[in-house]
Each structure stands twice: as structure tokens, then as C-alpha cells.
Amino acid sequence: MTPTFWLDENGRRIPTRPCPRPGCGRAVPVRLKGFCAEHLRHVGWRAFHIENYVNWCGHAQEIIPVPQPDGGVLLIPVLGEAT
């Protein structure tokens, strides 16, 4: 089977990690940037709150959007659970 990969706007490979859902393990892209802070409300997200989206494999991924000084948003993945 050919490994799955994604490209950024410059044609470079985007890093991947295994899907966090137990038993899946498919490669999902690590998208740390790509949103503008002003667009968060359009998708119903709030900065500094746990939000989620569905990966291409069909499993939800939790992230925390953190606005940056340049107007972009850093998407911090939530991996594991707090104890």
C-alpha cells in the first residue's frame, strides 16, 4: 500500500502522525497553520477553547486554536487526556 501524504501550498510534504483514535493509526496531516483569526467565528470556533474537526479517516481530532501576532492561527492538537 502506498503511504498517504499531503502537500502544502508550496508543494512540500506536510508532516503526519497516526490518528489518535485507538485502533485506527492511519496517517493524518499535522496542520499547524492555515486559518486566519478572523475566520474562527465563521466555523463556530473560539480561540483558546478545545474545538474539533473530522480527519479524512472519519475520526474526530481535538485542537486548540491559538491566535498569532501575524493574524494567523496556530492549531495545537490535543493528544491524550489530562489526569
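No value in this document is a laboratory result; all are computed from the given coordinates. Because the structure is a prediction, the values reported are computed rather than measured. Because the Cβ atoms are built from the backbone with ideal geometry, glycine has one as well, and the counts that use them run over all protein chains shown.
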- Of Glu62, Glu38, Glu51, the one that fluctuates the most in a GNM where the chain has Cα springs shorter than 10 Å: Glu38
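Specify the longest stretch of the chain that does not include any exposed loop site, a site being one of the trypsin sites (Lys or Arg not before Pro) with a non-H, G, I, E, B DSSP assignment and at most 13 other Cβ atoms within 10 Å.
Free of exposed loop sites, the longest segment is 47-83.
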- Item | Whole-Hz couplings from phi, Karplus 6.51/-1.76/1.60, listed for the range 13-24; x for Gly and Pro | 5, 8, x, 10, 8, x, 4, x, 5, x, x, 8
- Note on the structure: The set of residues whose placed amide H lies less than 5 Å from the amide H of Ile76, leaving out same-chain residues fewer than 5 positions away, is Ile64, Val66
- Over the chain, what is the percentage of antiparallel beta bridges among all DSSP beta bridges, to the nearest 5? 100 percent
- Note on the structure: With a Förster distance of 22 angstrom and the Cβ-Cβ distance between Glu62 and Ala37, calculated FRET efficiency to the nearest 0.05 equals 0.70
- Task: Grab the eigenvalues of the alpha-carbon gyration tensor for the range 6-77, scale each by 5, take roots, and send me the semi-axes largest first in whole angstrom.
- Result: 22, 16, 9
- Where in the range 1-64 are there chymotrypsin sites (Phe, Trp or Tyr not before Pro) that are in a DSSP coil and have at most 11 other Cβ atoms within 10 angstrom of their Cβ? Phe5, Phe48
- Task: May I ask you to evaluate 6.51 cos²θ - 1.76 cosθ + 1.60, the Karplus curve with θ = phi - 60°, for each residue of the range 69-80 and list the ³J(HN,Hα) values in order in whole Hz, giving x for glycine and proline?
- Result: x, 7, x, x, 10, 8, 9, 8, x, 9, 10, x
